[in-house]
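Asker: Here it is, the structure, as structure tokens.
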Amino acid sequence: MSAHTVDVVVIGGGSAGYAAAIRARELGSSVVIVEADKLGGTCLHRGCVPTKALLHTAEVADVAHAASTAGVSVGEVVVDGSAARAFRDKIVAGKHKGLQGLIAGHGITVVAGYGVLGPDRVVTVGDDTYAASHVVIATGSHTRLLPGIEPGPRVWTSETALSSDVVPARAIVLGGGVIGVEFASAWRSLGAEVTIVEALDHLVAAEDASSVAQLERAFRRRGIQTRLGVRVATVAETADAASVTLEDGTVLEGDVVLVAVGRAPHTADLGLEQAGVALERGFVVVDDQLRTTVPGVWAAGDVVAGLQLAHRGFQHGLAVAERIHGRTVPQIPDASIPRVIYTHPEVASVGLTEERAKETWGAEAIATVEYNLAGNAKSTILGTSGVAKVVRRVNGPVVGVHLVGDRVGELITEAQLVVGWEAHPEDIAPFVHAHPTQGEALGEAFLALAGSPLHVA
Ligand code: NAI
């Protein structure tokens, strides 16, 4: 048993935690990260990175299937599940090594083990204690399961799916949120029959209604089945198959059931409530500076209610570390954080939906333009359809951008600057976009909203 004293202890070495650790170290503090598993957390090992690698495999398969339209003959397209898994594992391993080097290079101590918060900001890890001036809770989130539905050989979570060599031939996806649609998209591209069951009336229901309608249409055309507005009642599995019974009595059969009905914050068994840190629905209660109810204890990332996104975690971590060092850092509102769903086609957005903007300022105070990617040469070359939709306040700034189409996720950087800087379309319309790029679609939408459209009738 040994007792240590440091400036900052970060519990959890995922996106939020390691960002907080690096910035705190840069600002001169001694820093310990307590990590029970691997540095990099869910995003690197079981989330964003391997999922995007799987989606890249899917995109390559789509391109190979469509190769002849661009004048290239590739013969039979064969998907090798174990090679695809090796591809994602190699990317994750490389990034993990890089991150370990980065953390070591900053002189941050990583303590392997499960950290528990006690009184007076003392964190216990096994037999050892770390007393700190500041503690950052950055323990992330985990897959939420439905009552009575346990993971099994054929009942998967996203983690099972990513660590498997198997691309299921018939998949039933429970939940039409972000995880559900990304796996449905990837597996369909890799040859699976896919059915999505979603309790709400639409897929990715938090997105702008026009993006939702386009994604649903694209999925229909791709042969992805959906059961919308119905909940799952039970799930059963045998040695050969899995089945899902819906609340309306329908029974669906598949090889695999993926449970993707949300992620819950990881805040149990950390000693939080005993140490005085208030929780609400499992999330850590914080003020607008990410301070918890205990002085000197902060929270960052998925443990804080709101968007569960790695880049929000980075921002939280950096902001907390700076505040610990007395700096004033504005808290970026969730609405200004870009969101990208990496399906085929992609859905990307920042700011408010048209509906939300109208609720906020009144319908007559809002103007929108939708620029169809059919008019965009680069999108036509890539063979993608979609729309760039921009929402503005009349005589005011752009308050929302909503994009659908392959690769439009890369356009969200421009959109986030426009929304974040509260730019008026008139201010940004004069900027020139390179031709031919998909970015021109945004430029066309800004021109049209500024009252001087170019390629719009
Ligand atoms: P989610 O909250 O996005 O979607 C879960 C869906 O399941 C909801 O639409 C909900 O209505 C539905 N649902 C809940 N109970 C149900 C039931 N009994 N029967 C049928 N449907 C039911 O959660 P998801 O997709 O699990 O993702 C978790 C988090 O991870 C999200 O916050 C997401 O933003 C994040 N994530 C982000 C990604 C990205 O940025 N590209 C990729 C993957 C995840």
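Asker: Taking each pair of distinct Cα atoms in segment 269-428 once, what is the resulting Kirkwood hydrodynamic radius in Å? List each step's numbers first, then the result.
Answerer: Details: mean 1/r = 0.0562 Å⁻¹.
So the Kirkwood estimate lands at 17.8 Å.
Asker: Moving on. Shape of segment 345-449 from its Cα gyration tensor (a ≥ b ≥ c, root eigenvalues): rounded if a/c is under 1.5, otherwise prolate when a/b > b/c, or oblate?
Answerer: Note, shape of segment 345-449 comes out prolate.
Asker: Then there's this: Restricting to the chain, compute how many DSSP beta bridges are antiparallel as a %, nearest 5. Display every interim value, and only then the final one.
Answerer: On the way: 44 of 78 bridges.
Taking every DSSP beta bridge with both residues in the chain, the antiparallel ones total about 55 percent.
Asker: On average, how much area does the Cα convex hull of the chain cover when viewed from any direction, in nm²?
Answerer: Dividing the Cα hull surface by four gives the mean projection, 24.4 nm².
Asker: Right, another one. Binning at 10 angstrom from zero up to the longest distance, how are the C-alpha pair distances of segment 164-297 distributed in percent?
Answerer: Reading the bins upward from 0: 11, 33, 24, 19, 12, 1.
Asker: Would you list, by chain and number, the lysines whose Cα falls below 18 Å from the Cα of Lys38, excluding same-chain residues fewer than 8 positions away?
Answerer: The qualifying lysines are Lys90, Lys95, Lys97.
Asker: OK, next. Please list, in order along segment 206-214, the HN-Hα scalar couplings obtained from phi with the Karplus expression 6.51 cos²θ - 1.76 cosθ + 1.60 (θ = phi - 60°), rounded to whole Hz, x for Gly and Pro.
Answerer: 6, 7, 4, 4, 6, 5, 4, 4, 5
Asker: Regarding segment 294-342, what whole-number volume in Å³ per residue does the convex hull of its Cα atoms give?
Answerer: Hull volume over Cα atoms, normalised by residue count, gives 78 Å³.
Asker: Kindly identify segment 181-240 as rounded, prolate or oblate by the Cα gyration tensor criterion: order the square roots of the eigenvalues as a ≥ b ≥ c, call it rounded if a/c is under 1.5, otherwise compare a/b with b/c, prolate if a/b is larger, else oblate.
Answerer: Since a/c reaches 1.5 but b/c is at least a/b, the shape of segment 181-240 is classed as oblate.
Asker: Provide the per residue accessible area, probe 1.4 Å, for the chain, rounded to a whole number of square angstrom.
Answerer: Result: 45 Å² per residue.
Asker: For the chain, which whole percent of the accessible surface, found with a 1.4 angstrom probe, sits on carbon and sulfur atoms?
Answerer: Its accessible area is 54 percent carbon and sulfur atoms.
Asker: Going by amide H atoms built from the backbone, whose H comes under 5 Å of the H on Trp298, apart from near neighbours?
Answerer: Sorted by chain and number, the residues that satisfy this are Val135, Val136, Ile137, Thr292.
Asker: With charges only on Cβ, +1 for K and R and -1 for D and E, what is the dipole size of segment 399-457 about its Cα centre, in debye, rounded to 20?
Answerer: Here the size comes out at about 80 debye.
Asker: Here's another thing I want to ask about it. Can you list the residues, at least 5 places off or on another chain, whose amide H is less than 5 Å from the amide H of Glu346, using H built in the peptide plane?
Answerer: Excluding prolines and chain starts, which carry no amide H, the hits are Gly405, Asp406, Arg407, Val408.
Asker: From the helices alone, meaning DSSP H stretches of at least four residues, give me the mean residue ellipticity at 222 nm for the chain, per-run term -39500 (n - 2.57), in deg cm²/dmol to the nearest 500.
Answerer: Here the helix-only value at 222 nm equals -9500 deg cm²/dmol.
Asker: Follow-up. Rounded to whole Hz and in sequence order, give me ³J(HN,Hα) for segment 36-50 from the Karplus expression 6.51 cos²θ - 1.76 cosθ + 1.60, θ = phi - 60°, writing x for Gly and Pro.
Answerer: Taking θ as phi minus 60°, the curve returns 7, 10, 10, 4, x, x, 4, 4, 6, 9, 9, x, 3, 5, x Hz for segment 36-50.
Asker: Per-residue counts of other Cβ atoms within 10 Å, averaged by peptide: what ranking do you get for 250-260, 332-342, highest first?
Answerer: Packing proxy ranking, top to bottom: 250-260, 332-342.
Asker: Something else now. Once the Cα gyration tensor of segment 131-219 is diagonalised, what are the square roots of 5 times its eigenvalues, in whole Å and ordered largest first, as equivalent ellipsoid semi-axes?
Answerer: Output for segment 131-219: semi-axes of 28, 20, 13 Å.
Asker: A follow-up question, please. If amide hydrogens are placed 1.01 Å from N in the peptide plane, which non-local residues have theirs closer than 5 Å to the one on Ala278?
Answerer: Here Val285, Thr293, Val294 satisfy the definition.
Asker: Still on this model: Enumerate the calculated ³J(HN,Hα) couplings along segment 165-179 in order (Karplus 6.51 cos²θ - 1.76 cosθ + 1.60, θ = phi - 60°), each rounded to whole Hz, writing x wherever the residue is Gly or Pro.
Answerer: 7, 8, 9, x, 6, 9, 10, 10, 9, 8, x, x, x, 5, 5
Asker: Under unit Cβ charges (Lys, Arg +1; Asp, Glu -1), what dipole magnitude, rounded to 20 debye, does the chain have relative to its Cα centre?
Answerer: 540
The values are calculated or read from the model by the stated rules, or taken from the named source; none is laboratory data. The model shown is predicted, which means the values in this text are computed figures rather than measured ones. Cβ: placed from backbone, ideal geometry, glycine included. Neighbour counts: every protein chain shown. Protein only, heavy atoms only, side chains kept; ligands, DNA and RNA dropped before computing areas. Shrake-Rupley method; radii C 1.70, N 1.55, O 1.52, S 1.80 Å.
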